[in-house]
Amino acid sequence: MDYTVTSVAPIILLPFLAFVINSFIVKKFTKVAIVISCGAIFTSFLFALRIFKNFVFDVYSSGYHVHKVFNWFDLSYDKIPFKVDMGIYIDNMTAVMLLMVTGVATLIHIFSTFYMQHDARYGRFFVYMSLFTSAMLGLVLSDNLLSVFIFWELMGFCSYSLIGFYYEKEGAGNASLKAFMTTRVGDVFFLLGILALWSVVGSVRFVDIYSAIASGAFSNHFVLGIPLATFAAFCVFMGTIGKSAQFPLQVWLPDAMFGPTPCSALIHAATMVAAGVYLSLRMEPLMQLGNLKVFIAYVGAITAFGAATIALIQTDIKAVLAYSTISQLGYMVLGIGVDAYNASFMHLITHAVFKACLFLAAGSVIHSLHDHHTDSHVQEMPRMGGLRKKLPFTFIAMMFCTLAIAGIPFFSGFVSKDRILGEALIKAFHSKVYIIPMLLGFAAAFLTAFYMFRMMFLTFFGEPRDKDLHHHVHEEHISWNQNIPLLILSVFTLGVFYSGSLTGQGEVKIFSKRYEWFATLIEKPHLENFKDYERQPFGFSDQKSKKVFEQSIYDPTHGLEEEEAHHAHQTHVFGAILSIIIAFSGVGLAYLTYIAKKIDPRMWTSRFSNWNEALENKYYMDWFYIEVLIKKVLLPFNNLVSFFDMGIFDRYAVDGMEKVNKTLFTGAKWFDNLVIDTSMVDGTGASVKLMNVILRTIQSGKIQFYFIVIVLVLASYIWTLNIH
């Protein structure tokens, strides 16, 4: 396959052009604009599918990559060079990400034509969606941190616009501001990290950073008394903490549900929150060099467990899914921390599929539940129940996805999450510092199974708790834009698509030639390959790399010694069995509580009333940020700075300079008027005028005057002689 402008650029440009065109025509030609948006992202999907086929089905090499560069702008003058190059970097990870983003986004666009069709701003929604998708695709294809940051910020703007889509609602406006400002905290650190890397490497390309790490360029560089590699890694990871809603900046994501449900599906699954984890995966060698892995593992584990506990008491169906997103993102970050690189990326992909489906299914439920008394759609699960017969296709899709996220065998979530937990278990055996992240990871797995099946039982099982609401629900029929996208996504929640075996653990192999294709092709960057690295120009013709890439073969030992590999395998088997027991225990507890009614959930709230209160207040994180950090720290600091600015700097520096300038002006004016103007300028003129009068009088041309002057001169001369 040729990698040229015509074969790669359309992936980004088509959704972007849809955004530009629709911005002008959406009001008058709404349906045309929607067709353009859906067609653009579907065409991007076809281009991405072609790249995926080339990488996974044709070349099938873990080291295969395509790196093309082009000059963005050149301001060089004389002998002073100043040019900035951009480029695309496509490897197996990029190919999989492109397919996931375009595929999931296409199905979300299609579902949106159903969900948003009666909305007053129907067309505007698709304008934002096109730009949002284009920004994510640009980020995935970027070969450097500068363009990543550009697209990163563009997604921040899109999320602000979509979360606050219903801006007439105060909650939506506040939520959009909260998301925008919270993620900015991480973005500032991310920018500092980019500058720190540039100060050492002289470039922010991924391949140049890898090469610098391999050559030891960071060894003698420090900032604020700590190694610069640690500082840069921390700053870049703070970008992930902000964008992927990790502790302690996770507070913005639950409020993102104020946006339309399809927008929630896009944010929570295929775009914004996935970008943070994707960045950390790309920069994993820097995290390793900066000795940040333990910190990353703790952040991920705390996030996974903390969000799972809050999800236990949520009654809004979208809130449950929002907190589950934070929890699952925590698993991905935990995977990076425990060196489960492949499993972490796999969980990013599997989560994108089943979480997009879950949100779309929730949207289908909400859209079907219309309260005629308040003329609003219902999201509260206590008012639901018994919907599986009314919404059979939505139920099937949502059940498949719930089985996946709960970690039930045969489903994708079991494959990816189990491997993360297995690696955490291995780390815990080798180092005590990883015991707490490992325990939190397994505990979060139990809670996930419980709260997800709690959601399913409250929504689809039992008797309707609001009979009038249930009575007005129309029975669901197959629809190309309501449930077909859900059913397509639900098919890809099966683990066989990612592991090549029916169980996900190597039993009952399905793809004999491509068995464990994901584990084979997705590897950490091998730094030694980047010491002497070649790249080609990005243009309309393809300049091929001379390097030959041999097909990869799955290595069950993962490069370990036989004894160590055997121990790792046994640990993974134990972890898999333990996670299966934990998952079914969570499902069983949910069944006993909400179906069999053997356990009264109010018992837990009364017995653990203090903890329940903490959960209802989201561990007081919002309270802490608003009442303590903002009101007690930032506002007083702002007042102090304001006092210094207004009371000291303005009063003495600015206003004081005004008085000094006025005094100097008065003195200068006096000097100018008296000395310069009156004495020098006007005085010179007056003296010339006086001399002119004298000379004009003397040289009058009258003989009588000349005779008198001669007489006077002679008289004065004689008088002078007489004196002497």
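The values are calculated or read from the model by the stated rules, or taken from the named source; none is laboratory data. Model, not experiment: these values are computed from the prediction. All Cβ positions, glycine included, derive from the backbone under ideal geometry; neighbour counts span all protein chains shown.
Descriptive notes on the structure:
- Segment 254-309: number of residues that are assigned to a helix (DSSP H, G or I), among the hydroxyl-bearing types (Ser, Thr, Tyr) and in contact (Cβ under 8 Å) with a residue 60 or more places away in the chain: 5
This table checks each residue for (1) modelled with pLDDT of 90 or more; (2) in a loop (DSSP other than H, G, I, E, B); (3) more than 17 Å from Met346 (Cβ to Cβ); (4) of a type in the set (Ser, Thr, Tyr).
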| site | (1), (2), (3), (4) |
| --- | --- |
| Arg454 | yes, no, yes, no |
| Leu458 | yes, no, yes, no |
| Pro464 | yes, yes, yes, no |
| Gly504 | no, yes, no, no |
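- Ala424 vs. criteria farther than 20 Å from Leu494 by Cβ and crowded, with 24+ Cβ neighbours inside 10 Å: yes
- Condition check for Arg388 on (1) farther than 18 Å from Ile296 by Cα; (2) touching a His at 6+ places or on another chain (Cβ under 8 Å): one failure, at (2).
- Residue check for Tyr625: modelled with pLDDT of 90 or more, in contact with a helix residue (DSSP H, G or I) (Cβ under 7 Å, 6 or more places away or on another chain), farther than 26 Å from Phe411 by Cβ and not in a loop (DSSP other than H, G, I, E, B): no
Quick grid of which residues meet (1) touching a strand residue (DSSP E or B) at 6+ places or on another chain (Cβ under 9 Å); (2) among the aliphatic types (A, V, I, L, M); (3) part of a loop (DSSP other than H, G, I, E, B):
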| site | (1), (2), (3) |
| --- | --- |
| Leu560 | no, yes, yes |
| Ala565 | no, yes, no |
| His572 | no, no, no |
| Ala576 | no, yes, no |
| Ala583 | no, yes, no |
| Gly586 | no, no, no |
| Leu592 | no, yes, no |
| Ala596 | no, yes, yes |
| Ser606 | no, no, no |
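- Filtered residues of segment 173-190 (kept if crowded, with 20+ Cβ neighbours inside 10 Å and more than 14 Å from the chain's Cα centre (by Cα)): Ala175, Ser176, Lys178
- Residue within segment 154-169 that is surrounded by 20 or more Cβ atoms within 10 Å (Cβ to Cβ), more than 13 Å from the chain's Cα centre (by Cα) and acidic (Asp, Glu) present: no
- Of the candidates Thr402, Thr350, Thr394, the single residue that is in the same structural domain as Ser499 (by TED's automatic domain parsing), in contact with a helix residue (DSSP H, G or I) (Cβ under 7 Å, 6 or more places away or on another chain), without any contact (Cβ under 8 Å) to a residue 60 or more places away in the chain and buried (at least 24 other Cβ atoms within 10 Å of the Cβ) is Thr402.
- Residue in segment 650-669 that is aliphatic (A, V, I, L, M), modelled with pLDDT of 80 or more and closer than 30 Å to Leu177 by Cβ present: no
- Which listed residue, of Phe549, Phe511, is over 30 Å from Met86 (Cα atoms), in a loop (DSSP other than H, G, I, E, B) and modelled with pLDDT under 85: Phe511
- In the set (1) under 22 Å from the mean Cα position of the chain (by Cα); (2) surrounded by 24 or more Cβ atoms within 10 Å (Cβ to Cβ); (3) not aromatic (Phe, Trp, Tyr), Glu284 fails one condition alone, (2).
- The set of residues in segment 488-502 that are buried (at least 16 other Cβ atoms within 10 Å of the Cβ) and within 21 Å of Lys355 (Cα to Cα) comprises Ile488, Leu489, Ser490, Phe492, Thr493, Leu494, Gly495, Val496, Phe497, Tyr498, Ser499.
- Qualifying residue in segment 198-206 (condition: touching a residue at least 40 places away in the same chain (Cβ under 8 Å) and on the phi > 0 side of the Ramachandran plot): no
- Of all the listed residues (Ala217, Ala233, Ala212, Ala172), the sole one being closer than 22 Å to Leu527 by Cβ, touching a residue at least 40 places away in the same chain (Cβ under 8 Å) and of a type in the set (Gly, Ala, Ser) is Ala233.
- Residues that are surrounded by 24 or more Cβ atoms within 10 Å (Cβ to Cβ) and basic (Lys, Arg) within segment 353-391 comprise just one, Lys355.
- Per-region count, segment 329-345, residues part of a helix (DSSP H, G or I) and of a type in the set (Val, Ile, Thr): 2
- Between Pro601, Pro556, the distinction of being in contact with a helix residue (DSSP H, G or I) (Cβ under 9 Å, 6 or more places away or on another chain) and closer than 30 Å to Glu463 by Cβ belongs to Pro601 only.
- Any hit, segment 234-252, residues being touching a Phe, Trp or Tyr at 6+ places or on another chain (Cβ under 9 Å) and more than 30 Å from Ile163 (Cα to Cα): no
- A single entry from Thr493, Thr459, Thr448 fulfils the requirement of being on the phi < 0 side of the Ramachandran plot and touching a strand residue (DSSP E or B) at 6+ places or on another chain (Cβ under 6 Å): Thr493.
- Residue tally, condition surrounded by fewer than 20 Cβ atoms within 10 Å (Cβ to Cβ) and either of a type in the set (Phe, Trp, Tyr) or in a helix (DSSP H, G or I) (or both), over segment 195-207: 5
- Scan of segment 471-487 for residues that are surrounded by fewer than 18 Cβ atoms within 10 Å (Cβ to Cβ), part of a loop (DSSP other than H, G, I, E, B) and not β-branched (Val, Ile, Thr), ordered by number: His472, His474, Glu475, His477, Ser479, Trp480, Asn481
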